[in-house]
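Undergrad: The following block contains the structure, expressed as structure tokens.
The values are calculated or read from the model by the stated rules, or taken from the named source; none is laboratory data. Everything quoted here is computed from the prediction, not taken from an experiment. All Cβ positions, even for glycine, are placed from backbone atoms using ideal geometry, and neighbour counts span all protein chains on display.
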Amino acid sequence: MTTLTRRTLLAATTAGLAAPLLSRAAIADAVKPFVDDYRSNLTTNPTADTNAAVRILSGVESYWQTGTAWNNGAVRNAAVLRANVRFCETRTASRTDAEAARSFLVDRRHQSYAVIDGLGPWAAAYRTTALAVTGITEAPAGTPATTISDFVPAGAPAGATLGAGSPTSPLGQVVTLVNTVRGNWSSSNPSKFAVQYPRPWRMTTDSTVVDTGALDEFGYPVYRSKVQVAPQLLRQRSLVPADDGGFPSGHTNALHLAALAFAHAFPERYQELLTCAFDLADTRITAGMHSPLDVVSGRILATALAAAILGDPANAELKVAARAQAAAFLASNPGVGTDTFADRLANRRLILPKLTYILPRTGPDRPLTVPKGAEVLLETRQPYLTAGQRRAVLRSTALPAGYALLDGPEQWGRLDLFRAADGYAAFEADVDVTLDGVSDAWRNDITGRGGLTLRGTGVLTLTGANSFRGGVRVLGGTLVAATRHALGGGDAEIRGGTLRTVPGVCLDGTLTIGPGSTLDVIGHPRGPVLTAKRVTGRFATVTVDGRPAAAVHTRTGVSVRILKS
């Protein structure tokens, strides 16, 4: 049997790869959703007709046409690909020594180990408990004499393992979950084989390959390119370009897969882990090894693969065990040290431009049809929501349509998981949630015609400038109105639960207060706590920062005064 490499695949499928990745037959026939077909992601399936991973990335056809060899693909969108390579040229030309050193560490360390940084104050304890180690602790000052690979360092504890750690450690279920998500079906190579978009350091500004015929001091071919590979990584370049495409970035795929697996086990660090993955993946451009197009596609592939593997019934028990193990670990290990990802707004600023990089938005917007199975990505982050509600969250927080690569089959690239972790951005219909014994915050600005009903014993905080029109009903638990317009543009009913609010909350509709309801004011009000078109009923219990207070109810508002002890 012939061993399949990128070269033999090219020879075997020249005609198919020169044609569009997604054939008319595949479009005409009923194509399986990615989550039902993810195990087709093997090197033996090098086309979109046969490989679900290649298929979901076929939006790249708008920019690039695969050639008959690694170096003769055709540019379809000169402006986009020129911007893509220029981004690399500019980034690598302005790279500092410290940035080059960091890009070496990310390149050479096991990606699952690197993502542990997203656990912040718990990262060191996790590595100790999981027996996760690396031998790559610093970057050389220049170009090493040989290639370098990660290794278990001398003196490491018995059983210590590269990556997420040892499957037999006290965190073995978490380790196994990460390894499973990054398992046999999660390679980026089949897509690299299919697309054949070269690495930026092999390309001119116009995405053509020009071999000058010269060799550099390390014996590598010199291509006409302004992209500069980090000095520490010059010997890590491949001498077999046919087996070394740039699209999608394999490191990016691996980093995001690991982050999403860890986030499933540690939803308390969901956004921090995502931010860590985006930050680490960006170093692939700094290193000169990948372009923005490569990095975006690596994220898209990882998102779909993580959803498919986490949603596979075969992994159901493993998910539960990993989550339980992670929760117990957090409960018994107080976080120590600084948290690089403590600032949520800074995290969002870091991620936002990296969702699309240089990709232009040229098409019209349209609502997202959430890919089948994507809701599992929020399963532990928002366990109090139904699967359908989590799909609604993903739909309401999605990136706009109009980006050709993101708009590819199933539109996995439009998912904005960081934003989705902050809850709904629109109530398309009435939303009824029950929180028992848990607290969460929905930080997005919520629009839409629907309203919110809260039940249970938990606490839900709304922090956005909300304009949803369907009103609010608190039938149990505590609803926190953390901004002036947190309660939206409709009516509000408080019947038996608690409304916790900052001063000055404004309602466009009627405030109805039922028997047994509680008002808890945050801060020191100098005027009305609540204003509304009309107020009916009275709060049974009123506190200000936990101190007893009395409410003054008028036809259009509620004020409070603190009682003297």
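Undergrad: Kindly provide the set of residues from the stretch 354-377 that are of a type in the set (A, V, I, L, M) and assigned to a loop (DSSP other than H, G, I, E, B), ordered by number.
TA: Matches in the stretch 354-377: I358, L359, L368, V370.
Undergrad: Determine which single condition Y126 fails, assuming it passes every other condition in (1) over 22 Å from F278 (Cα atoms); (2) among the aromatic types (F, W, Y); (3) touching a residue at least 40 places away in the same chain (Cβ under 8 Å).
TA: (1)
Undergrad: Give the residues of the stretch 30-46 that are surrounded by 17 or more Cβ atoms within 10 Å (Cβ to Cβ), in a loop (DSSP other than H, G, I, E, B) and touching a Leu at 6+ places or on another chain (Cβ under 7 Å), sorted by residue number.
TA: T43, P46
Undergrad: In the stretch 434-463, what residues are within 25 Å of the chain's Cα centre (by Cα), more than 13 Å from P383 (Cα to Cα) and polar (S, T, N, Q)?
TA: Result: N444, T447, T461, T463.
Undergrad: Turning to a different aspect of this structure: Say we look at the stretch 48-79 and pick out the residues that are β-branched (V, I, T) and either surrounded by fewer than 22 Cβ atoms within 10 Å (Cβ to Cβ) or in contact with a strand residue (DSSP E or B) (Cβ under 7 Å, 6 or more places away or on another chain) (or both); which of these is farthest from S186 (Cα to Cα)?
TA: Filtering the stretch 48-79 for residues that are β-branched (V, I, T) and either surrounded by fewer than 22 Cβ atoms within 10 Å (Cβ to Cβ) or in contact with a strand residue (DSSP E or B) (Cβ under 7 Å, 6 or more places away or on another chain) (or both), the one farthest from S186 (Cα to Cα) comes out as V75.
Undergrad: OK, next. Any chance the stretch 388-405 includes a residue that's of a type in the set (V, I, T) and under 16 Å from F34 (Cα atoms)?
TA: No: zero hits.
Undergrad: Next up: When you go through (1) in contact with a His (Cβ under 8 Å, 6 or more places away or on another chain); (2) in a helix (DSSP H, G or I) one by one for T380, which number turns out not to apply?
TA: Result: T380 passes all but (2).
Undergrad: Among the candidates G159, G142, G165, G135, single out the residue that is in a loop (DSSP other than H, G, I, E, B), surrounded by fewer than 17 Cβ atoms within 10 Å (Cβ to Cβ) and in contact with a helix residue (DSSP H, G or I) (Cβ under 8 Å, 6 or more places away or on another chain).
TA: None of the others qualify; the one that does is G142.
Undergrad: Name the residue, out of P144, P190, that is closer than 30 Å to V229 by Cβ, at pLDDT 95 or above, touching a Lys or Arg at 6+ places or on another chain (Cβ under 9 Å) and not hydroxyl-bearing (S, T, Y).
TA: Being closer than 30 Å to V229 by Cβ, at pLDDT 95 or above, touching a Lys or Arg at 6+ places or on another chain (Cβ under 9 Å) and not hydroxyl-bearing (S, T, Y) holds for just one of P144, P190, which is P144.
Undergrad: Only one residue in G246, G219 is surrounded by fewer than 24 Cβ atoms within 10 Å (Cβ to Cβ) and outside any helix (DSSP H, G or I). Which one?
TA: G219
Undergrad: Can I ask one more? Considering only the stretch 532-539, I want to know if a residue exists there that is outside any strand (DSSP E or B) and crowded, with 16+ Cβ neighbours inside 10 Å.
TA: Checking the stretch 532-539: at least one residue is outside any strand (DSSP E or B) and crowded, with 16+ Cβ neighbours inside 10 Å.
Undergrad: So, L293, is that one in contact with a strand residue (DSSP E or B) (Cβ under 7 Å, 6 or more places away or on another chain), surrounded by 22 or more Cβ atoms within 10 Å (Cβ to Cβ) and not aromatic (F, W, Y) or not?
TA: In short, no.
Undergrad: If only one of T338, T380 is of a type in the set (S, T, Y), surrounded by fewer than 20 Cβ atoms within 10 Å (Cβ to Cβ) and more than 22 Å from S297 (Cα to Cα), which one is it?
TA: Testing whether each residue is of a type in the set (S, T, Y), surrounded by fewer than 20 Cβ atoms within 10 Å (Cβ to Cβ) and more than 22 Å from S297 (Cα to Cα) leaves just T338.
Undergrad: Taking T92 as meeting all but one of (1) surrounded by fewer than 21 Cβ atoms within 10 Å (Cβ to Cβ); (2) in contact with a helix residue (DSSP H, G or I) (Cβ under 8 Å, 6 or more places away or on another chain), write down the number of the exception.
TA: (1)
Undergrad: Which residues, counting only those in the stretch 318-342, are farther than 19 Å from T380 by Cβ, at pLDDT 95 or above and among the aliphatic types (A, V, I, L, M)?
TA: The one that is farther than 19 Å from T380 by Cβ, at pLDDT 95 or above and among the aliphatic types (A, V, I, L, M): A342.
Undergrad: Looking at the structure I just gave you, is L399 in contact with a Gly (Cβ under 8 Å, 6 or more places away or on another chain), surrounded by fewer than 21 Cβ atoms within 10 Å (Cβ to Cβ) and either in contact (Cβ under 8 Å) with a residue 60 or more places away in the chain or under 30 Å from A52 (Cα atoms) (or both)?
TA: Yes, satisfied.
Undergrad: Determine whether N179 is in contact (Cβ under 8 Å) with a residue 12 or more places away in the chain, under 15 Å from A321 (Cβ atoms) and surrounded by 15 or more Cβ atoms within 10 Å (Cβ to Cβ).
TA: Yes, satisfied.
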